[in-house]
1. Would the range 244-254 turn up any residue that is buried (at least 20 other Cβ atoms within 10 Å of the Cβ), under 25 Å from the mean Cα position of the chain (by Cα) and either basic (Lys, Arg) or assigned to a loop (DSSP other than H, G, I, E, B) (or both)?
2. Anything in the range 122-157 that is outside any strand (DSSP E or B), open to solvent by 60 Å² or more (accessible area, probe 1.4 Å) and charged (D, E, K, R)? List them, or say none.
3. Starting from the range 112-124, take each residue that is closer than 14 Å to Pro176 by Cα and list its partners that are assigned to a strand (DSSP E or B) and open to solvent by less than 10 Å² (accessible area, probe 1.4 Å), counting only C-beta distances under 6 angstrom and pairs at least six apart or across chains.
4. From the residues in the range 87-121 that are polar (S, T, N, Q) and open to solvent by 60 Å² or more (accessible area, probe 1.4 Å), which one is farthest from the chain's Cα centre (by Cα)?
5. Name the single residue, out of those in the range 186-242 being surrounded by fewer than 15 Cβ atoms within 10 Å (Cβ to Cβ) and among the hydroxyl-bearing types (Ser, Thr, Tyr), that is farthest from the chain's Cα centre (by Cα).
Amino acid sequence: MKTLITKPDPIRVANAVLPELIHHNRSPWHADFLVAAMILFLLAARGIAVAQSVTGNLGAVSGDFNAADPILPSTKAIYQTNYRSNTVEVFSLRGVDRGTFATPANPTGLVFDDAGNLYVSSDNRAAYSILKFAPDGTGSVFADSGLSGPHALVFDTAGNLYVANEGDSTIVKFTPDGVGTVFADGTDGLAQPFDLAFDTAGNLYVTNGQLPAGTGSVLKFTPDGVGSVFADRGFHLAFGLAFDRAGNLYVSNVYSDTIEKFAPDGTDLGVFASTGLDGPLGIMFDSAGNLYACNRGNSTIEKFSPTGADLGVFAHTGGGPHFMTMFRPRQLHIESEALESAGKVSGLQDSK
């Protein structure tokens, strides 16, 4: 027969023991001392209970605190591809190198799905592919057809994956099970597309490198594939794309070592950053509004404040840094935004 051992309830223990202690210690000084000690005990017990309650509530919000849940990537890490080093590197939000996550051949674009799987474009001419890595690093081939110099990857809200093919100037759309169709091509104005980004309305933006001239443009496609020119000035080999929270679009210029800023209507707002850049490729915002840029020239990631102030080198990378991403599941984003707007949680979104 097994003996069941249970943890004592601190409140019940206090209620039972405190009167007895006071009764057997007649001295008022002893009684006061014991009462004070018991109060401290109760406060400590209450603190534990509150901490457990808060942890439980956060677990209900994000789903990341339940030990029984599947392993998920950290939401406080930056994943970055190194084309020449054939690695996907991981950095903490303080720029500490946490090591290599995967070793695909000539990796370029990368993006997470909501389940924590990481998709990586392999721009390996011998075998173009999109690879899928589970949170534990186990890899498989998601797609190996319809690709030609694959670069940026991005998901729409329905879970379809889009890839920019620099080699044949196409954008291919893959269903969740890996079936691909051409979403846009050269007849739609594509000319060496590199990066992709969706706005909140579901419009897809694309950078055109326009090699060998190396000028560039940004095209905008509606959800049903109708394309138009969003901007065609201020470019010197347009490459990376990133939206801030106000809907402004930022574009990295490889040849001029600058990042250009555009208003939501396409108005050129001028140079956002021009120091600390050396052949900038992929760019990305964190939840605090800081902008990060991969420097191909000196294998670094540079960090800029929301106003464009150069905050210096964030991290040193492997050879040929290309793109960056973070694990930002949509459900966690929606729930944390809702709680913050309701005044119930402050800063939870910073964990994304």
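1. There is at least one residue in the range 244-254 that is buried (at least 20 other Cβ atoms within 10 Å of the Cβ), under 25 Å from the mean Cα position of the chain (by Cα) and either basic (Lys, Arg) or assigned to a loop (DSSP other than H, G, I, E, B) (or both).
2. Arg125, Asp136, Asp144
3. Qualifying pairs under 6 Å: Phe112/Leu118; Tyr119/Ile130.
4. Thr103
5. Taking the candidates together, the pick is Thr187.
The values are calculated or read from the model by the stated rules, or taken from the named source; none is laboratory data. Bear in mind the structure is a predicted one, so any value in this text is a computation, not a measurement. Neighbour counts run over all protein chains shown; Cβ positions are idealised from the backbone, glycine included. Keep in mind that these areas ignore ligands, DNA and RNA; they rest on the heavy atoms of the full protein, side chains included. Shrake-Rupley method; radii C 1.70, N 1.55, O 1.52, S 1.80 Å.
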